[in-house]
Each structure stands twice: as C-alpha cells, then as structure tokens.
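Right, one structure below, let's go through it.
Every number in this text was worked out from the coordinates using simple rules, so none of it is lab data. This one's a predicted model, so the numbers in the text were calculated from it and none came from an experiment. Every residue, glycine as well, gets a Cβ built from its backbone with ideal geometry; the counts of neighbours run over all protein chains shown.
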Amino acid sequence: MVRILLISEQPSDFGLVDRSLQGIADIPSELLSCPPDPAELAAVDLSRITLMIWGRISDVQIAAQLLVTLSQQQRKVPLLVLSDKAQPESGNQQDFGVLPRQSLSAAMLRGALTHYGTKRREATVTISQSVDPLTGLSNRHHTRELLSECLSSHESEGTVALLLIDVDHFKKVNVSYGQGAGDALIQLMAERIKGAILPNHKLARIGGNEFAVIFRRDDGQSVAREAMQCSDEIMLAMGRPFPLARHAVRMAVSMGLTIKDHGFVTADALYSQADIAMRRAKQDRGNALQHYTKDMTHSAEKELKLEAEIRRSLRKEEFVLHFQPRIDMGSGRIVGAEALIRWQHPTQGLLSPAAFIRVAEDSGLIVPLGYWIIDAACRYLTELTAQGYGEVQIAVNVAFKQFQDKNFVQTVANIIKKHGIRPGRLEIELTETTMMIEGNSVDHSLRELNNLGIAISLDDFGTGYSSFAHIQRLPISALKIDRSFVGGVNASHDDSTIVKAMISLAHSLEMQVIAEGAETADQVEFLREHQCDQVQGYFFSRPVSSDDLMVLLHREATTGLIAADNIASFSTH
C-alpha cells in the first residue's frame, strides 16, 4: 500500500489528486491530507508515508515553518510539488519532482509513484530488518547480533561494556503533547546520546523509550573508564531540557552499566546484568546511573523469591486491610476511611506495603492484589452496614497497571454486585501520575466506574502534571491534597498559599477537598479555617485494624464525643 500525504490549504487539490489516483488500478494507494499547520504535521507518523505532495500554500512563513518541522522529524520522504506553471521546471529527481496542477493526469502520477514510492518501499523493507525506522539506529535484534559478535572476539576482562538507558515516564509526553512530539523527543535524545559517545561506540534503540550503547576496546585494554565517562556525559546531556512543542521539557532517565567479566559471556547474560542495574537505578527515582555488581544478581534472586511468596500469600489470603479514618471538619465525626494493605507474613509478622509493593508492581501481581483489596473493602462495607454504619465510605488505591487490565471495570462491577454495595459507599483513589500515564484509557474507565456508582478521588494532588481543565472533564468528586503541602502550611508561606488555592479551586468545581497527613493541631486548625472538607492523618489516628475501626465508630456513636477526642486518645493505647 502506497500512502500519500497531501499538504495544502486548497480543498480542490485533494479532489484533483484523488481523481488521478482512481485512474491507477495497479498500485494500491491511500490519500491522506494535512492542513498547512506545523503542529498538525509534527503529529503525523511519517514512517507510514511513502510520498508527500505539496499543494497550494500561499503564506511563505508557514511554508518555511512546515519545512523546518519536516527537517526536525529527520524523515526523508520523497516530495512532489503541484505547480500552476504549464511546464514547470523539474527539481532534482533524487529528492523531489514538480507536476503541473492544471494538466495533472493518472499517467503522470503513476510515473511519480513508480519512481519514488515503489523504490522507497523496497529499500525500506531491506533496511527495516536491522534499523529502527524512527532514528535510523540499530534495532534490538541487530544490536543483540552485534553484541554477540563483540563478545566472541573480545574474551579479555573489561574489553566490552553495555549501557541500557530507559526514559522514565515517557508516556506523559505522548499524552500531553501527542505522539508526534514523542517521536520528535526520541530523535532529539538519540542525537544527544550520539554527541556524548565516541565514534567506535555503537548506539541503538531497542524499545519504545529504551536505548543501548555498546562500548568496546580492540587493543585488549579495559573499556571500563571510557564507558563510565561516556555514561556520565550522557547523564549530563539528558538532564538538560529538550525544546519540544514550544516548551522546554525536562526528562529523567534510568541507566544501567555492566562491564564484561573474564572469559566467555553470552549477550543474554550481559544484557541481563545491565537490565538489573537499570532497574535498580529506577528505584532511585530521577536521573540515576547504577553500575552492575554481583550483589545485584543476589538481590534480584531475592526479589524473585519474594514474588513467589506474594503469589502464595494471595492464594492463602494472608493479606489484611487496615484503615485510616477520614474526619468531616464540620461535624468532627468519622465519615470514611482509606483502606491500606498489610501482609500478615507467616514468618516475618505484619509487613507494611514498603516491604512488597514495588515487587508486586514490577511483577504485575499488583493487578490480582488490587482486586483482592477491592473485594476485601467491599466485604468490610457489608459488615459496617450490618453494624449500623451504612453511611461510612471506604476508599481504595488503584495502581496504574490496574487500568491497563482490559477487564478492570467489569471485574469491579462484578465485585460490587456480589456484595450489594450501594452507590457512593466505595471510592477509588488514583494518582495524578496514573491519570497522565494512561491518558484516555483512564478517562474512559473513570466514567464507566462512576456510572456504577463508585466515587472517584484524585490522590496526591499537587505533585503531578494534571490541570484543572482536565480534571473538570472527569467525574472526580474529591481532591486529596498531598501530605507534603499539608505538613508545611504553618511554616511555609508557599505551602499555605498553595493549599488555600487548591481548596478554593476545588470548591469552585464543586469537588470536596480531603487533606492527608495532618499531624498537629495547628495544621488541623488551618485546614478547618480555610474550609477543607475532610482530614486524615496521625493527629486523629494511625491506620487501625478493621476491628479497631469498628470500635472507634461504636465509641463515637455511643458517647457522642467528636472524633478528634475519641481517636486521639484511642491511638495512644
């Protein structure tokens, strides 16, 4: 299939080209159009385009901007220009051709398609076997072959090194600026990495947002110092902002470097070592470089063992929920609670999420664990109702990988139907990062969940990239102000100003505001004074067991004391 992109401000150009294409039966083709808008052109995936046709563009400045946009995408797509001259002069036939608009025919266009389209398509098929089409770098398959060749001819210790580079949170760029901008960013990154390495080093793109660099020395000397210096240079280069879509975008990368040991080492083994180091760098959050050590392999083995234990404990239901109460600032009473996972480990006792959540996320076990949390929370809601606390709401955190499960909404629907949960009793919390990473799929899921009667709150608000314009389009009923802001309301003018602005803006969107992490009376008084709706934090209560939460609710109902008095005294025992 030959795909043709027409760029023109004149609608009749599309009809002219389309009629000519209809007269070409032996070359299957598809005609696409793009207005003379640099932003829209930047969003086009030129890897799918065989030929471009330049129609009428009367504004010289816009035409120049379009040419700049094409050069930034670094795609050599053949170009035909429609001219109003009866016998236009032809350009360099290697790069572009000129066709007369008034006498354009199927035969003329067929000749151009044969010359440019078929020739380019055949070349692309050959190149694509070893080259990444976006950057022109080696792809994953070819890089593995090159690495194997290097290792087979360099047996001395330290003569080969491998660096893996992973761009953190790259999906945010596609969501915020479009896929075209994401492609442009990958190309900019490739150029920066090239500028930081030596000519004999091999750079490759091995995944959507992953690069690899092969370092080698042919003189038998160690490449370690050279590899480490270049890795540091790459880190500095990637730390500078990237000009993208009229913005200066900062990105973080996680890098793992491994140096070949003495003797025979396979490409898979070296890649595995670099990957382990890169994943360790990801745990540092932000621009980070980790050098592989044998201890990392031991650590990875421990994580595999932990993953197996999590699977076993899921089957045996050895996880439990604890609950941190949420207090209504108007009445001072418990109106809800956040469900927090704990692991009742058979030998280590009660473990906090810090001991296992990261492994659960990395392994994908966070998805079945997340469903267990939702089911357990709904089961507890039925217990609360049976005890006369049918208005108390339970909130559960949902990880971004949960939204990637195509059966997520239906599974949640089955759970709330099984337990007979009334609308508004179950609340799902998601972070700004989740909302931005998953984009449209999260938006769609949130609307479906809201239709099921599930309340939606945005957790850790203020720490991510979301905007009120985006939030107000979604069925979000509450914003949770992150504890990092709440903790500074009495000491930092900036934090107090930000919190007041968040409360005001949220109320203007008819959303409730929940402040988390309140630990002092002064913080609670500040939040009360500025009309925050609900508060949770250690000032009122640490997370408690399901039985203890029931005791708190019973004591509050029977004594009539406000929750702050009840819980503060209860939590000290």
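Structure notes:
- Here the label points at A354 and V98, each 7 Å from Cα along the C-beta direction, are separated by 7.1 nm in the simple model.
- FRET efficiency for the pair T347 and S33, taken as 1/(1 + (r/R0)^6) with r the Cβ-Cβ distance and R0 = 60 Å, rounds to 0.35.
- Within-14-Å neighbourhood charge of C378 [Cβ basis; K, R +1; D, E -1]: +2
- The chain: angle of helix 408-419 to the longest principal axis, Cα-based, in degrees nearest 10: 20
- Rh by Kirkwood over Cα pairs, then Stokes-Einstein D for the chain at 1.002 mPa s and 20 °C, µm²/s: 76
- Sites A386 and A248, calculated FRET efficiency, Cβ-Cβ separation with R0 56 Å, nearest 0.05: 0.50
- Packing here is the average count of other Cβ atoms within 10 Å per residue, and on that basis the peptides 108-115, 54-61, highest first, run 108-115, 54-61.
- Secondary-structure-derived ellipticity at 222 nm for the chain, considering helices only, amounts to -14000 deg cm²/dmol, per-run term -39500 (n - 2.57) for DSSP H runs with n ≥ 4.
- Dipole magnitude for the chain: about 1140 debye, using +1 per Lys or Arg Cβ and -1 per Asp or Glu Cβ, origin at the Cα centre.
- In this structure, T266 and R422 have a Cβ-Cβ separation that, at R0 = 35 Å, corresponds to a calculated FRET efficiency of about 0.05.
- On full extension, the segment bounded by V60 and L236 gains 59.5 nm, given 0.36 nm per residue less the C-alpha separation.
- Each principal axis of the stretch 302-571 carries a Cα extent, and these read 48, 44, 38 Å when sorted largest first.
- Summed side-chain charge close to F211 - residues other than F211 whose Cβ falls under 12 Å, Lys, Arg +1, Asp, Glu -1: +1
- When you restrict to C-alpha pairs under 8 Å that are six or more residues apart and normalise by the size of the chain, the relative contact order lands at 9 percent.
- Degrees between helix 140-153 axis and first principal axis of the chain (Cα, 0 to 90, nearest 10): 80
- Rounded tilt (10° steps) of 11-22 against the dominant C-alpha axis of the chain: 70
- Convex hull volume per residue for the stretch 140-292, taking Cα atoms only, in Å³: 96
- Ranking F485, V396, S541 by how far each Cα lies toward the positive end of the dipole of the stretch 302-571 (charges on Cβ) leaves V396 at the top.
- Flagged links, alpha-carbon separation over 30 Å, of K282/K500; K202/K294; K316/K417: K282/K500
- Extending 7 Å from the Cα toward the beta-carbon at both S484 and K85 defines two label points whose distance is 6.0 nm.
- The slack in the chain from R447 to Q404, taken as 0.36 nm per residue of separation less the alpha-carbon distance, amounts to 13.9 nm.
- Dipole orientation for the chain: of the candidates S105, I327, I374, S105 has the Cα lying most toward the positive pole (charges on Cβ; Lys, Arg +1; Asp, Glu -1).
- Computed from the alpha carbon atoms alone, the convex hull of the stretch 292-434 holds 152 Å³ per residue.
- Extending 7 Å from Cα along the Cβ direction at H298 and again at R48 yields two label points whose distance is 5.1 nm.
- Intensity falloff of the stretch 246-319 expressed as log10 I(q)/I(0), Debye formula with alpha-carbon point scatterers, at q = 0.13, 0.17, 0.18, 0.28 Å⁻¹: -0.55, -0.76, -0.80, -1.18
- A straight chain from L198 to R140 at 0.36 nm per residue would run longer than the Cα-Cα distance by 18.8 nm.
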